[in-house]
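Participant: Structure below; questions to follow.
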Amino acid sequence: MTAVAILASYLLGAVPFALIAARLRGVDLRAHGSGNLGATNAIRVLGVAVGVPVLLADVAKGLVAVAVIPSALGAEGAAVPLVCGLAAIFGHIWSVFLKFGGGKGVATAAGAFFALAPRGVGIAFAAFVIVLLATRFVSLASITAAITLPVALWGTGASRPVLVAGIALALLVVIRHRSNVARLAAGTESRIRFGGSGKDAT
């Protein structure tokens, strides 16, 4: 049942909640804001009332993949929850429903790693909040949290497989945000508007 659990986790991660929520509003999220199919762009384009549920749904994908799917399907093995969590993250980033496109995976990764190592994720989340409030750059906050995560995992005594996965995730997040890094360097990156109206931000 391990293979079934991994596949189920991938397919759950691949569900594009941001795209679905936008289409229910008659909007193609890929043509607005940053064009990214993630919670941040959903908040930027559709507003907090739509974007926050998308964010929670993306987090839940990772959480369910780790904490629910392996036990529900009877998949055994100490590494199975971690592998299922990674499958959900990969599904979000490379969704079979989007011709292997997708979001950047930060929210789904947060849910997965919270189930695996809550103390480490708590520290990374604190770093995210501090940077977000100070700069209003979600991309910078996400990169900071991703880089903080492996250090926090090490400091809180996470298992070696989880630590290695955290390091790999940090690298992946930075790579996925390379266009944001370029815009930050150029001074053209968009800032999030707290309590935004749901109109396109530039």
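The values are calculated or read from the model by the stated rules, or taken from the named source; none is laboratory data. Since this is a predicted model, take the numbers as computed values, not measurements. Positions of Cβ are backbone-derived with ideal geometry, glycine not excepted, and every protein chain shown enters the neighbour counts.
Participant: Within the stretch 1-43, can you find the residues that are free of Cβ contacts under 8 Å to residues at least 12 places away in the same chain and among the β-branched types (Val, Ile, Thr)?
Facilitator: Our first condition is that a residue be free of Cβ contacts under 8 Å to residues at least 12 places away in the same chain; within the stretch 1-43, this holds for 3, 20, 23-24, 26, 28, 30-31, 35.
Residue satisfying the conditions is Ile20 alone.
Participant: Still on this model: Could you pull out every one of the helices (runs of 4 or more DSSP H) wholly within the stretch 113-202 that has 3 or more residues that are at pLDDT 95 or above, crowded, with 21+ Cβ neighbours inside 10 Å and more than 15 Å from the chain's Cα centre (by Cα)?
Facilitator: In the stretch 113-202, 138-155 are the helices (runs of 4 or more DSSP H) which contain 3 or more residues that are at pLDDT 95 or above, crowded, with 21+ Cβ neighbours inside 10 Å and more than 15 Å from the chain's Cα centre (by Cα).
Participant: Sort out which residues of the stretch 160-183 are more than 13 Å from Ser34 (Cβ to Cβ) and in contact (Cβ under 8 Å) with a residue 12 or more places away in the chain, and write them in order of number.
Facilitator: Passing the criteria: Pro161, Val162, Leu163, Ala165, Gly166, Ile167, Leu169, Ala170, Leu172, Val173, Val174, Val181.
Participant: Identify, from the list Val50, Val83, Val59, the residue that is over 21 Å from Leu172 (Cα atoms) and not charged (D, E, K, R).
Facilitator: Matching residue, one of Val50, Val83, Val59: Val50.
Participant: Filter the stretch 92-112 down to the residues that are crowded, with 21+ Cβ neighbours inside 10 Å and not hydrophobic (A, V, I, L, M, F, W, C), then identify the one that is farthest from the chain's Cα centre (by Cα).
Facilitator: Here the answer is Ser95.
Participant: Sort out which residues of the stretch 86-108 are more than 21 Å from Thr40 (Cβ to Cβ) and at pLDDT 95 or above, and write them in order of number.
Facilitator: Listed by number, the residues that qualify are Leu86, Ala87, Val96.
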